[in-house]
Each structure stands twice: as structure tokens, then as C-alpha cells.
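Shown next, in C-alpha cells, is the structure this report addresses.
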Amino acid sequence: MNHAVRPFGLRDKIGYAFGDFGNDFTFLLSSTFMMLFYTNVMGIDSMAVGTLMMASRFLDAFTDVTMGRIVDKAKSTKEGKFRPWLRRMCGPVAIASFLIYQSELAEMPYGFKVAWMAITYILWGSVFYTAVNIPYGSMASAISGSAKDRAELSTWRTIGATLAGLAIGFGTPLFAYVTAENGAQILSGPRMTLIAGLFSIAAIICYLLCFHLTSERVEVPAAESRSLHDTVKSLGSNRALLGIILAAILLLLSMLGMGGMAGYMFPIYYQAPVGQSMATLLGSAVVLGICAPFAVKLAGRFGKKEVSLVSCLFGAACYVVCLLVRPESVWVYVAFYTLAYMGLGFFNTLIWAMITDVIDDVEVRQGMRQDGTVYAVYSFARKVGQALSSGMVGWLLGMIGYSQAVQYNPWAYPKIMSQMFGLSCWIPAVGLALVALALWLVYPLGKRQVEANAAELKRRSNARPNDLS
């Protein structure tokens, strides 16, 4: 433990929240609007966009784990082991994100547009986002060694992500759409380019605030050199890591599936972009007003796994009821969306603290900490979930016959509209039910096991007092 820095406090929590604020200015823009931008503005087939997003995320199997190993083997500097990466990579990740949304290229040949999309998306997600997100996620265990402090960091991280989601999900639909002569709501390419530029600047500011407001207190030594095969083999035998990976993939399928379909449901099915803004506003409100303040308290009493399982089942039930009711009013649909978002919000608030539980479990079972590598494997799982959700939404929309022409005259395609509504309910309902099943059957770290692991690590630490600096 490094005692030379100030004690852990509110400054660290706010600073850590700014980190995910910065992350999601580019991540949520991609997961919510990139497919819509390339299908409706650039004229790329939805299946092609979804396939690219999925294929590029599998590239992260190499880049994420490689970055995690780089971080684990790195030596601490006077600024810490993880924080310096935020300052190094904030510019590249923001620029790469901005380059994705260049609407002036819409008249270029189809092959050029596909190549541009692939190159910029891979540079953003597989290279630069990885280089900033892996160190950011790993640094929670270095900011404080206290389980309570880490749970609070997880909550504040969710607050940061929620605020970014509010800025993107509420503000973007209000500004990005224009009304055609027949009254249809059309996504504006130039406006999306401007929005992407503003969000990139905001991301840089947030990363720098995270760098300056946080401090690393726990000395994380450079990991011993091990082959990639041995590392993957050892981690692959940890049931807790496998369980949280499966749950994370399914959570992202549900959450990003909701977000991806919202970009089609509100402006096209309901012809009400303002509905998407209100759904984001209300969803953010329940996360900030209900999930964030009560998640840690409920988890302290019942356990993180237990609270997450129940909340996901609640979210799934909300969409089953929505499918049966099939509301004609956009505001009733917004209500179902908000309730379901509260259900997944509890798990999404606690999941970052659950990762530190997994890191502790790996140390208990293998006798060594691998913060960066464990977080890298988990981060890759999230990107797989992102890729699968993008691919899934793109493929399913392609299967029901959606094309760029639908947004210009949606009333001429009643069958496609009906099937689009069904997809918007089935994707999150099935996904959240499977999340609960994965937590119940695979993930082993219930309340008792987490407490037992903490006690064992404390016993080992007390037995080696001279190993601490």
C-alpha cells in the first residue's frame, strides 16, 4: 500500500466516473447510432455493417489480452501503473471515433465506404479503445484495496456511464433528425458528423479529468512472465471468470439490443424521435435515482449475485408483458422500456465490483494477481456482446426486409413494422432471462464465497507484512 498519497475519497469517485463518461462518449455512440448511420446515411446493407462489427470485435481476442499482459508486466511510475495510459491514448481514441462518422463520403463508391467503415472502426475499437479501456478498468484495484471502496467505484463508474448515455441518448435524437416532405423522420448525416466531433472532444476532457482526479494507492507489482497459452489456460479454469464472461455477453446483447432497436423503433415505428430521448432520460433517472443509491446497500445485505439475478428476471418480465400488450402509444412503450432498464440497471451497476471479486478469486485459487489480464479477458467478453448485438440487430433487420427505403415511407411496410416491434421485445426479454440463468447456474461467487475469499486474502496479507510497501 502506498501511504504517500491522500486518502481515498470523493475526488477519486468523481474522477473514476469521468473515466467511463469518456469511454461511453465513443462506445455508446457506436453501439446506438453507428449501424443507423451506415444503413440510413451511408447506404450500407445492415447485414454488412453487423458482420463487420462482429468480426472486428473478435479481433479483440488478441488486442485485449495483449494489452492486458502489457499492463500487467508494466512497472509503476510516479503517476501509477494504469493512469498514464489515459493521458497517452485519449487523443487517438477520440480522433478514430470521429473519423467513423464522415457523412461527406456518402456519395463515394460502395466498396470505398465499406473499407472506410472497416478501417476506422477497427482502429477505434480494437486498437485505441482497447489501449485506454483496459488500463482504466484495471486501475480500480489500485485506487483502493478496500472491497467497500471498490463497490463505490463501481457505482460511480455506472453513474459516469449513465450520464454519458443521457447526453448521447437524450440529446442526439433531438438534434440528429430532420423531417422529410412527407413527414418521415430522417437521420441527418452532417448533423451526425458534428455530434461525433463534439463527443470526441468531450471524451478527451473526461479522460484527462479522470487522470488528474484519481490516485493509485495499492502497489501492483509487475506480473511474472508467463506464456499466453499458460495464462489463458489458467484463467480458463476459473469458474467465476467464465460465469461473469457469459453473463456479461448476455447483458450486452440485451442492453445494446435495446439501444440498437430503439434507434429504429422511436423515429421509424412510432415516428417520435422525442420518445427515444425521453426513454433515455427516464432510464438514466432510474439508474441514478434508484439503482446507484440502492445497489450497494442491497448487495451488502443479500449479495451482488443474488440482487443481479432477481433484477434481470424483472427486466425480462417487463418486455414479455410489453409484447403481449403491444402498446400503440409511444409513451406506454417508453414506460415499459424504463422499467426494464431499471431491471438490468442493478446488475450493470454491480458488475464492475463483481469483476474485482473475480480478481480476488483468481488470486485465492492461483496465488497471484492478474488484474490487467483478467480485466482484459472480461473486456473482450463485453466487446463480443457488443459485436453480437450489432450483428444480431443487423442480421434480424435484414431478415425481415429492412432497407434504407423504409425510413422514407414506413407506412408502406406494415409487415416489417410489426416484425420490428416483436424484435424490440424479444431481444431483451430472452437476453435478460439468460443472464439470470447464467448467474444462477455458472457464476459461483455468492455472498458467502465473496466474504470467504476476502477473509482468506486478509489472512495471507497479515501473514506477509514485510511484502507490503
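The values are calculated or read from the model by the stated rules, or taken from the named source; none is laboratory data. Every value quoted in this text rests on a predicted model; they were computed, and no experiment measured them. Counting neighbours? That spans all protein chains shown, and the Cβs are built from the backbone with ideal geometry, glycine included. Areas reflect the complete protein model, heavy atoms only, side chains present, ligands, DNA and RNA absent. Shrake-Rupley method; radii C 1.70, N 1.55, O 1.52, S 1.80 Å.
Things worth noting here:
- Counted residue by residue at 0.36 nm each, then reduced by the alpha carbon distance between them, the extension gain from residue 194 to residue 455 reaches 88.8 nm.
- Solvent exposure of the range 4-118 as accessible area per residue, Å², 1.4 Å probe: 38 Å²
- Axis of helix 10-29 versus longest Cα principal axis of the chain: the two differ by about 40°, to the nearest ten degrees.
- Calculated from backbone phi, Karplus (6.51, -1.76, 1.60) coupling profile of the range 154-161 in Hz, x at Gly/Pro: 4, 5, 5, 4, 5, 4, x, 5
- Three semi-axes of the equivalent ellipsoid, the range 1-85, Cα gyration tensor, whole Å, largest first: 37, 19, 7
- Helix 447-463 vs. the chain, principal-axis angle (Cα, 0 to 90°, nearest 10): 40 degrees
- Cβ-based charge dipole, the range 2-109, positive-most Cα from 98, 63, 76: 76
- Annotation for residue 368 and residue 87: the two label points, set 7 Å from Cα along the Cα-Cβ direction, are 3.0 nm apart.
- Cβ-Cβ FRET estimate between residue 321 and residue 6, R0 fixed at 60 Å, reported to 0.05: 0.75
- Efficiency of FRET from Cβ geometry, residue 306 and residue 178, R₀ 51 Å, rounded to 0.05: 0.60
- Helix axis angle, 110-122 relative to the chain longest principal axis, alpha carbon, degrees: 20 degrees
- Dimensions of the range 365-469 from C-alpha coordinates, computed as largest minus smallest value along each principal axis and given longest first, are 74, 26, 17 Å.
- Working note: 222 nm ellipticity from helices only, DSSP H runs with n ≥ 4, each -39,500 (n - 2.57), summed and divided by the residues of the chain, gives -25000 deg cm²/dmol to the nearest 500.
- For the pair residue 399 and residue 146 in one chain, pulling the backbone fully straight at 0.36 nm per residue adds 86.1 nm over the alpha carbon distance.
- More than 19 Å apart - percent of Cα-Cα pairs taken over the range 310-367: 48 percent
- Mean Cα-pair separation over length for the chain, i.e. relative contact order, pairs under 8 Å, 6 or more apart, %: 29 percent
- Of the residues 75, 148, the one with the largest accessible area comes first in the ranking 75, 148, computed with a 1.4 Å probe on protein heavy atoms.
- The slack between residue 112 and residue 297, meaning 0.36 nm per residue of separation minus the straight C-alpha distance, is 61.4 nm.
- Here r is the Cβ-Cβ distance between residue 281 and residue 186 and R0 is 25 Å; the resulting FRET efficiency, rounded to 0.05, is 0.65.
- Anisotropy class of the chain from Cα gyration tensor, a/c 1.5 cut: prolate
- Modelled this way, with points 7 Å down the Cα-to-C-beta line, the labels at residue 409 and residue 440 are 4.9 nm from one another.
- Put a plus charge on the Cβ of each Lys and Arg, a minus charge on the Cβ of each Asp and Glu, and nothing anywhere else: the dipole of the range 2-77 about its Cα centre is then about 440 debye.
- Label positions at residue 58 and residue 70, each projected 7 Å from the Cα along the C-beta direction, are separated by 2.4 nm.
- Carbon + sulfur, % of accessible area of the chain - ligands and nucleic acids excluded, 1.4 Å: 68 percent
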